[in-house]
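For reference, the structure is listed below as structure tokens.
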């Protein structure tokens, strides 16, 4: 012990020598080591060594620097997992403090990797209270501010990339207040249907399906996605023999995020009426061959998902369309919903 103190005073002590001396002392006299609080003495001697080792350290640029040195000290310092233990206090001084300062000044929430990488690198070496402090004082406030300023349609990096990166470290529950803001922003973005934008809008919304709680997702879909798709179906023009111009396919892309029964109701209310009307007018006016009409019918049917084809609200009008084609081919009257009729 005296030799260590002399080397420390002369500036010749290394961290390795400090660890060897105190580890040997702890092994020889474990009770005395605890009774005389030698872990605290080791911390006082180690602190200036570590401060020198971490001088001009940039935690977010070089996260692993000094990690091995710090972890070797853990055994000779008393560590009960709290920030008040000798080990916790030392780490707070030389690691957590600089990390807090660096992250508060330089870290941008839209670039999660530097901060996330630091926390993942040091996670096992830091007291839990220190990790929570970094999360609560830096990560959560910066994430909240970034989500609040997020513009869904204009930002090149999607929000889910830099928010959901924190699920392993923060957990879903602590992110839920941010998700409320995300839902509000996505809802505002889903106003005004444009077929050319439907694919991008779908890509913007889809990553949140598994992130939101089931009931929150269901509410979001009912409040924002269903009205958005209703606009798309209302804007659709069915003009045989032309097949879908992309508008209907754009709506069907969303079938994976909307419950089949809700999508079937939308199709019943906003699509199949105009689809059957267009088919009847075509059969009456243009008199296509049965093969042409069946091919047109099948082209539309292929755009429907298996889940939708299992819905009665979908299959009834689909089968009715095929029956109209068959009647027209036989020279029989064909009927539009509502009682209108045309003769061949």
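The values are calculated or read from the model by the stated rules, or taken from the named source; none is laboratory data. The structure displayed is predicted, hence computed values, not measured ones. Backbone-built Cβ (ideal geometry, glycine too); neighbour counts: all protein chains shown.
So here's what we get for this one:
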quantity: Residue in the stretch 192-215 that is under 30 Å from residue 119 (Cα atoms), free of Cβ contacts under 8 Å to residues at least 40 places away in the same chain and over 13 Å from the mean Cα position of the chain (by Cα) present; calculated: yes
quantity: Condition met for residue 96 (at pLDDT 90 or above, surrounded by 15 or more Cβ atoms within 10 Å (Cβ to Cβ), farther than 15 Å from residue 169 by Cα and touching a helix residue (DSSP H, G or I) at 6+ places or on another chain (Cβ under 6 Å)); calculated: yes
quantity: Residue ranges of helices (runs of 4 or more DSSP H) in the stretch 267-335 with at least 2 members crowded, with 19+ Cβ neighbours inside 10 Å; calculated: 272-285, 290-301, 312-329
quantity: Test: residue in the stretch 255-265 that is outside any helix (DSSP H, G or I), closer than 30 Å to residue 333 by Cα and either touching a strand residue (DSSP E or B) at 6+ places or on another chain (Cβ under 9 Å) or at pLDDT 95 or above (or both); calculated: no
quantity: Breaking point among (1) surrounded by fewer than 20 Cβ atoms within 10 Å (Cβ to Cβ); (2) touching a helix residue (DSSP H, G or I) at 6+ places or on another chain (Cβ under 8 Å), for residue 136; calculated: (2)
quantity: Among (1) at pLDDT 90 or above; (2) crowded, with 19+ Cβ neighbours inside 10 Å; (3) over 30 Å from residue 185 (Cα atoms), the one test that residue 77 misses; calculated: (1)
quantity: Helices (runs of 4 or more DSSP H) lying entirely in the stretch 142-254 (those with 1 or more residues that are farther than 30 Å from residue 286 by Cα and at pLDDT 95 or above); calculated: 159-163, 167-170, 172-189, 198-205, 214-220, 226-234
quantity: Selected residue (criterion: nearest to residue 249 (Cα to Cα)) from residues of the stretch 187-204 that are touching a helix residue (DSSP H, G or I) at 6+ places or on another chain (Cβ under 6 Å) and buried (at least 18 other Cβ atoms within 10 Å of the Cβ); calculated: 198
quantity: Test: residue in the stretch 57-70 that is in a loop (DSSP other than H, G, I, E, B), within 44 Å of the chain's Cα centre (by Cα), at pLDDT below 80 and within 30 Å of residue 113 (Cβ to Cβ); calculated: no
quantity: For residue 333: the one exception among (1) in contact with a strand residue (DSSP E or B) (Cβ under 8 Å, 6 or more places away or on another chain); (2) in contact (Cβ under 8 Å) with a residue 24 or more places away in the chain; calculated: (2)
quantity: Selected residue (criterion: nearest to residue 132 (Cα to Cα)) from residues of the stretch 168-180 that are free of Cβ contacts under 8 Å to residues at least 40 places away in the same chain and crowded, with 17+ Cβ neighbours inside 10 Å; calculated: 170
quantity: The lone exception for residue 252 - which of (1) surrounded by 16 or more Cβ atoms within 10 Å (Cβ to Cβ); (2) farther than 23 Å from residue 193 by Cα; (3) out of contact with any strand residue (DSSP E or B) (no Cβ under 7 Å at 6 or more places or on another chain) it fails; calculated: (2)
quantity: Selection count, the stretch 124-152, where residues are in contact (Cβ under 8 Å) with a residue 40 or more places away in the chain and within 27 Å of residue 190 (Cβ to Cβ); calculated: 1
quantity: Test: residue in the stretch 328-337 that is at pLDDT below 95 and under 24 Å from residue 229 (Cβ atoms); calculated: yes
